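Structure record follows, encoded as structure tokens.
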Amino acid sequence: MSLVSMPFAGGSADTVLHVAATVMMVAVVGAALYGFWKLHEMPLHHAKKNEHRQLALITVLTWIGFIWHWVWVLAVIIAFIDGAAILRSVRDIWREPTPPAQPEGDHD
């Protein structure tokens, strides 16, 4: 039996409250879905804002992340980490000049 077709007390107040509760439930579910969507699209928006070089990869990973959630985590990592800056840092570590060797007899 439906609660709308058979109100508790038989008055119009129960029907109004059932309608209000239904509207509130639909609004809460809609807001939750909208929030989930915005959170799920976060890596894509960040990559577009920063003109990320791997925008197509992040887009695909975001869509696949709806099915396999760990893929979405990978999209977040790729979107928020600047791979070129990391590679430059690693490259510069190897390019650092070595300090000149001290002669064997000259110890401070």
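Among the residues of the range 12-34, are any of a type outside the set (D, E, K, R), at pLDDT below 90 and touching a helix residue (DSSP H, G or I) at 6+ places or on another chain (Cβ under 7 Å)?
No, the range 12-34 contains no residue that is of a type outside the set (D, E, K, R), at pLDDT below 90 and touching a helix residue (DSSP H, G or I) at 6+ places or on another chain (Cβ under 7 Å).
Of the residues that sit in the range 51-75 and are without any contact (Cβ under 8 Å) to a residue 12 or more places away in the chain and not in a helix (DSSP H, G or I), which one is nearest to L33 (Cα to Cα)?
Of everything passing the filter in the range 51-75, I67 is nearest to L33 (Cα to Cα).
Being modelled with pLDDT under 90 and either among the β-branched types (V, I, T) or surrounded by 10 or more Cβ atoms within 10 Å (Cβ to Cβ) (or both) narrows it down to one of V60, V90, V73, so name that one.
Just one listed residue meets the conditions, V90.
For the range 9-47, which residues satisfy the criterion of being in a helix (DSSP H, G or I), without any contact (Cβ under 8 Å) to a residue 24 or more places away in the chain and within 14 Å of the chain's Cα centre (by Cα)?
Y34, G35, F36, W37, K38, L39, H45
The values are calculated or read from the model by the stated rules, or taken from the named source; none is laboratory data. Predicted, not measured: the structure shown is a model, and the values here were computed from it. Virtual Cβ from ideal backbone geometry, glycine too; neighbours counted across all protein chains shown.
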